[in-house]
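Right, one structure below, let's go through it.
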Amino acid sequence: MQPRAVPAPPGIELWLVEGIATESERSLLQGLLSEDERARASAFKVEDARASFIVSRGLLRTILGDALACDPASIRLQEGEHGKPSLGGMHAQSGIEFNVAHSGDVFLYAVSRGRAVGVDVERKKEGMAVEAIAQRYFAPEEARRLLEQAPSEQRVPNFYRCWTRKEAYLKAKGTGLTTKLDEFEVTFLPDEPPAMLRTEIVGEDPHDWQVFDVAVPEGYVAALVARR
Ligand SMILES: CC(C)(COP(=O)(O)OP(=O)(O)OC[C@H]1O[C@@H](n2cnc3c(N)ncnc32)[C@H](O)[C@@H]1OP(=O)(O)O)[C@@H](O)C(=O)NCCC(=O)NCCS
């Protein structure tokens with residue numbers, strides 16, 4: 001499971017890993033985990049979720065170990081108020097920021113120096129009630145544009161573009177889904193450049209954030225959001 005670099009904006013690295021780890025790969029990656037992470041892995045009741053957490057954290061440590069030129073197992077990770085991992089211990093002041101997302105067999109990592117980053121990747125699922133989800137959770141103007149401004153066959157890709165950009169933004173901020181999805185708007189139609197459009201979130205300015213599409217395997221959609 002070798003991370004492969006995918007095109008990224010200047011100053012940010014994007015790493016993608018696709019596939020299912022063999023047992024020996026998984027046990028190597030597990031060997032990099034901290035005691036806390038191993039305890040967290042053991043607490044998963046569903047085997048797939050446990051395996052995915054081990055692989056995700058092991059790969060994250062490998063990528064951060066390269067960025068910091070240190071032993072991946074020695075890296076200390078800490079979590080923000082809403083669970084966003086960041087570097088702790090002797091690397092807390094390194095200026096390196098990162099974020100992780102996984103869906104299906106794809107793991108995506110963003111690493112930057114000094115810019116808050118968030119990533120999201122989603123495997124497109126057939127038969128999702130995208131109209132109902134958009135109407136319930138997105139900003140009203142986003143739901144309206146999703147339903148009215150594009151042919152219905154574009155609705156599913158448009159929905160996933162909107163969803164991944166919104167979630168990547170909330171992961172860059174670190175609040176995740178504790179922030180409501182209808183409090184801000186992003187672009188998502190195919191002919192619109194990726195961008196934040198508007199926000200009602202106190203203290204937030206949409207111009208402070210850049211939004212990027214990420215090239216991922218067929219069947220997936222991904223986005224990166226970075227603070228300017
Ligand atoms: C962040 C969040 C949107 C991720 O959703 P998801 O679709 O299940 O998962 P993704 O694949 O996109 O991302 C998972 C990774 O995001 C990172 N992450 C976790 N919380 C995060 C946060 N608040 N902000 C940014 N990144 C976060 C972790 O690295 C995690 O990977 P891990 O399982 O290896 O630790 C969701 O977990 C969330 O909203 N969390 C905040 C609210 C919450 O539940 N907090 C409880 C913990 S205090």
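Can you find, within segment 149-179, the residue that is least open to solvent (accessible area, probe 1.4 Å) among those that are of a type in the set (V, I, T) and in a helix (DSSP H, G or I)?
T164
Could you tell me whether L181 is farther than 21 Å from G104 by Cα, in contact with a helix residue (DSSP H, G or I) (Cβ under 8 Å, 6 or more places away or on another chain) and within 14 Å of the ligand (Cβ to nearest atom)?
On the way: farther than 21 Å from G104 by Cα: yes; in contact with a helix residue (DSSP H, G or I) (Cβ under 8 Å, 6 or more places away or on another chain): yes; within 14 Å of the ligand (Cβ to nearest atom): yes.
It is true that L181 is farther than 21 Å from G104 by Cα, in contact with a helix residue (DSSP H, G or I) (Cβ under 8 Å, 6 or more places away or on another chain) and within 14 Å of the ligand (Cβ to nearest atom).
Restricting the first residue to segment 84-100 and requiring it to be farther than 18 Å from G174 by Cβ, which pairs with a second residue that is outside any strand (DSSP E or B) and of a type outside the set (A, V, I, L, M) meet a Cβ separation below 6 Å and a spacing of at least six or different chains?
Within 6 Å, the pairs are G89/R76.
Which members of segment 125-148 meet the condition of being assigned to a loop (DSSP other than H, G, I, E, B), at pLDDT 95 or above and within 14 Å of the ligand (Cβ to nearest atom)? Give the derivation first.
Within segment 125-148, the first condition is being assigned to a loop (DSSP other than H, G, I, E, B), and the residues that meet it are 125-129, 138-139.
If we keep only those that are at pLDDT 95 or above as well, we get 138-139.
Within segment 125-148, none qualify.
Looking only at residues that are in a strand (DSSP E or B) and among the charged types (D, E, K, R) in segment 112-124, which one is nearest to the ligand (Cβ to nearest atom)? Give the steps one after another, and end with the answer.
Going through segment 112-124, the residues in a strand (DSSP E or B) turn out to be 112-113, 117-123.
Remaining after also requiring among the charged types (D, E, K, R): 113, 120, 122-123.
Details: R113: 18, D120: 5, E122: 8, R123: 11 Å.
Among those that are in a strand (DSSP E or B) and among the charged types (D, E, K, R), it is D120.
Count, please, the residues in segment 31-77 that happen to be within 12 Å of the ligand (Cβ to nearest atom) and in contact with a Gly (Cβ under 7 Å, 6 or more places away or on another chain).
Number satisfying all stated conditions: 2.
Say whether the condition of being in contact with a Gly (Cβ under 9 Å, 6 or more places away or on another chain), more than 20 Å from R57 (Cβ to Cβ) and either of a type in the set (G, A, S) or in contact (Cβ under 8 Å) with a residue 60 or more places away in the chain (or both) is met by at least one residue in segment 148-167. Don't jump to the end; show me each part of the working.
So in segment 148-167, the residues in contact with a Gly (Cβ under 9 Å, 6 or more places away or on another chain) come out as 167.
Filter once more, so that each one left must be more than 20 Å from R57 (Cβ to Cβ): none.
Within segment 148-167 (the criterion being in contact with a Gly (Cβ under 9 Å, 6 or more places away or on another chain), more than 20 Å from R57 (Cβ to Cβ) and either of a type in the set (G, A, S) or in contact (Cβ under 8 Å) with a residue 60 or more places away in the chain (or both)), the answer is no, since none of the residues qualifies.
Could you say which residue among E142, E126, E122 is surrounded by 20 or more Cβ atoms within 10 Å (Cβ to Cβ), over 17 Å from L33 (Cα atoms) and more than 19 Å from the chain's Cα centre (by Cα)? Show your work before the answer.
Values: E126 fails: surrounded by 20 or more Cβ atoms within 10 Å (Cβ to Cβ); E122 fails: more than 19 Å from the chain's Cα centre (by Cα).
Exactly one residue qualifies, and that residue is E142.
The values are calculated or read from the model by the stated rules, or taken from the named source; none is laboratory data. Please read all numbers here as calculations on a predicted model, not as lab measurements. We place every Cβ from the backbone using ideal geometry, glycine too, and count neighbours over all the protein chains shown. Please note that ligands, DNA and RNA were not included when accessible areas were found on the heavy atoms of the full protein model with its side chains. Shrake-Rupley method; radii C 1.70, N 1.55, O 1.52, S 1.80 Å.
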